Amino acid sequence: MIGWWVLLLATTQATGKSSLFIVKYPTVEERLLKLAEDELAEYSTRQRKFEKMRPKVVALLSANERTTLKQELRQQLSQGGMIAQVVERQRQTVALPFWGIAGLGLLAFFLGSRPALVLAAVAVAGAFTLQRWGWKLQARRLLLDCIEDLEQRQAQSR
């Protein structure tokens, strides 16, 4: 999960001053997870998502790397227990009470209760965190399912 870090030295022509930039190149796993997150954002069937992801997975990973990544993804998805499974399947439903608390906190703030604004901010942060966690879990599940589908197709073609 550690990407490549590269130092870039750039000099501007106008001033002649040099600047140092640190650029992080994502690993293959990070690139594939980002690809899976992008596919989640599109409205299409799972099979269509697999069809779009399959060529990229084949191009970026060898068979051994796919097996290793599949094991890592299974291990990561099994770590959270029952709560992670619920958040993965129903991330918006799990975050909904936090959005409600945030709304009530804003309403109470407008009616004159200053501490309610802090409550609203904490509830919004909690809702965003839960939804982001669920989104990343769904992306991992999509990538895992895509790899398993790819292996199943390769086994059938032999």
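The values are calculated or read from the model by the stated rules, or taken from the named source; none is laboratory data. Given the structure is predicted, the values throughout are model-derived calculations rather than measurements. SASA here: full protein model, heavy atoms, side chains in, ligands and nucleic acids out. Shrake-Rupley method; radii C 1.70, N 1.55, O 1.52, S 1.80 Å.
Looking at the chain, how many pairs of lysines come closer than 29 Å at the Cα, when each pair is eight or more places apart or spans two chains? Value for the chain: 18.
Among the protein heavy atoms, those of residue 46 account for about 110 Å² of accessible surface (1.4 Å probe, every chain in place). Which label belongs to the value computed from this structure, given these candidates for Cα extents along the principal axes in Å: (1) 69, 56, 28; (2) 76, 32, 26; (3) 58, 38, 28? Entry (1). Annotation for segment 98-112 versus segment 49-70: alpha-carbon center distance of 46 Å. Short-range pairs are left out: with C-alpha atoms under 8 Å and at least six residues apart, the relative contact order of segment 61-158 is 35 percent. Overall, the accessible surface of the chain at a probe of 1.4 angstrom is composed of carbon and sulfur to the extent of 61 percent. For segment 36-146, the solvent-accessible area of protein heavy atoms averages 62 Å² per residue (probe radius 1.4 Å; ligands and nucleic acids excluded). By a 1.4 Å probe calculation restricted to protein chains, residue 93 has an accessible surface near 90 Å², given to the nearest 10.
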